[in-house]
Every structure is written in structure tokens, then in C-alpha cells.
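Heads up, the thing below is written out as C-alpha cells.
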Amino acid sequence: ILVFLLIQIGVYPPSVSIAAGEGVVAEARTYDLFLGVAVMIRQLGVTLVNRLCGVFEEPGFVGTMGVFFLLGDKMTLKKWQNVVILIACAFTFSLAFVLLLLSGILLRLVGNLKNKTTFLLSIILIFALIVGYFVFMSLPLDENTMLGELQARMEITDEGLAGDNRFGSSEWAVDAYEDFLKRDWKTRLFGYGQDPRLIPGTEISIWMFVH
């Protein structure tokens, strides 16, 4: 978190650029490793967007793992560890993190509907989410901005949420995953190694456990 905050204010610790796969480069993504902390740098129009990756290559992996830790601990923010996790997840700018967090909070409220206050909060939250979604989706946003890209990913299509592109919607990803399952037990247990881009069909190592 400290490294990420330093980058945001223009203070750059010593870093090493990490080579990305062809597909990642095509999407104008690069990675820099600052003191062991990976940061994805995304080019959106004329804007550079930094997303915290931690020790992983995909910021959404940090956000998804983090939100499960938080929900598993009942979102107890009295613990400083959970506050750290929440801040780190927020810096990933992960759509999965936001959706899972809201879903978890809503489920906790719904699970305690016997309390009138909780019931009222649940109704307000559901109403606010529905109204907020339609208001946000109606805004004329440029896709080359962070909010514009978020809006595009939140569009509901015939195949579901447009931003849900991690599994099933990308043939290369499914092929790479199926190929991974055919590897020897050491590879399935420990992954391909440092540079899975050298393996045919895995030029974008989006499956973090494969990496």
C-alpha cells in the first residue's frame, strides 16, 4: 500500500519492468515491480491508470482473495489487518472486488431481517444499488477513461455481465486451461514457472494459479 501511495504522488521507488505477453501489450498494459510489489500500468487514452497487483500479475486476483478474507471475518474493521486488506483491495480497482463486497454485505443484512433496522437498511441498499446502476449506465462517458471502461464492463448483454470475461468467454483462455490440466502432476501443483508465456497458448497468463 505504501509503495502504491508513493507512486500516486509521483515518488517512484527503484523498479524493474516486467515483460508482458503479446495480448497484454496489445491492451496497453505494462507491469513494474517496485520493491517486490507489482503494479499494473494501464493506458486509457491519455491517462495512465495504476492498479495494485501485490505479488500477483492480475489486480482482480488480489481483490477477489481479499474480499473473501474480509467476508470470512464478518467484515470486522476493528482489526487493523482487515483495514489493510480493504485498502489494498480498493487500490486494485477490481470490479469483482466491488461486486463481491456489495453482495456479501447484502447477504449479511438479509440474513438478519428479524431486526427492523437491518431490514430497512437492506431495502435502502437494494434500491440505491438499482437506481445507482441505471444512473451510472446512462452517463455519457468516454470509454478511454477509467469510469468509461467500468461502464462498458458493467453493461448487461445476452451472455451476462460484459466485464465477466475471465472464464468461458475467451476461447484461448479455456484452451490454455484445458492444456494445463493435461500437464504432469508437478506442473499442475506448482504451475508453469516464472514465464508461462513461453508455453504455447499461454501468452497471457490470466490464470494466476497456472503461473
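Structural remarks
- Annotation: residue 184 carries an accessible surface of approximately 80 Å², with a 1.4 Å probe and no ligand, DNA or RNA atoms counted.
- Between residue 134 and residue 112, the C-beta separation translates, for a Förster distance of 30 Å, into a calculated FRET efficiency of about 0.60.
- Rounded to the nearest Hz, the phi-derived 3J(HN,Hα) couplings of segment 68-85 under the Karplus curve 6.51 cos²θ - 1.76 cosθ + 1.60 (θ = phi - 60°) are 5, 4, 5, 5, x, 9, 6, 6, 6, 7, 6, 8, 5, 4, 5, 5, 4, 4, where x marks glycine and proline.
- Amide hydrogen neighbours beyond the local backbone of residue 56, cut-off 5 Å, H modeled: 38
- Couplings for segment 33-41, taken from phi via the Karplus curve 6.51 cos²θ - 1.76 cosθ + 1.60 with θ = phi - 60°, read 9, 10, 6, x, 10, 8, 10, 7, 10 Hz in order; Gly and Pro are left as x.
- In sequence order, segment 124-132 has phi-based couplings of 5, 5, 4, 5, 5, 5, 5, 5, x Hz under the Karplus curve 6.51 cos²θ - 1.76 cosθ + 1.60, θ = phi - 60°, and Gly or Pro positions carry x.
The values are calculated or read from the model by the stated rules, or taken from the named source; none is laboratory data. Source: prediction; values computed, not measured. We place every Cβ from the backbone using ideal geometry, glycine too, and count neighbours over all the protein chains shown. Keep in mind that these areas ignore ligands, DNA and RNA; they rest on the heavy atoms of the full protein, side chains included. Shrake-Rupley method; radii C 1.70, N 1.55, O 1.52, S 1.80 Å.
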